[in-house]
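A.B. asks: Got a structure here, written out as structure tokens. Questions coming.
Where a number appears in this text, it was derived from the coordinates with a stated rule and is not lab data. Predicted model only: the values in this text are computed from it and were never measured. Neighbour counts run over all protein chains shown; Cβ positions are idealised from the backbone, glycine included.
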């Protein structure tokens, strides 16, 4: 499975919660202990278990384009490469 990482431009977030509601891995949470320069409680990426797959749903649904999603693809195993040649 692919591994992902999300970078959030926190000061653009307006706290709409759309991203957190569509995240299949539940690694996006709305913070209550601080506000950004726009006066909103922003979203935060918390992935202690490495569950993010880099699916990009958060970036697609975000109306303020606060997400940059990075995805590391799994390299094909030797067996998979050989079967592709057959």
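A.B. asks: What ranking do 51-60, 29-38 get when scored by the average of other Cβ atoms within 10 Å per residue, highest first?
C.D. replies: Final packing ranking: 51-60, 29-38.
A.B. asks: Now a separate question. With 10 angstrom as the radius, rank 45, 67 by how many other C-beta atoms surround their C-beta, starting from the fewest.
C.D. replies: Least crowded to most crowded, the residues run 45, 67.
A.B. asks: Still on this structure, I have one more. To the nearest whole percent, what portion of all C-alpha pairs in region 3-85 is separated by more than 16 angstrom?
C.D. replies: Within region 3-85, distances greater than 16 Å cover 53 percent of Cα pairs.
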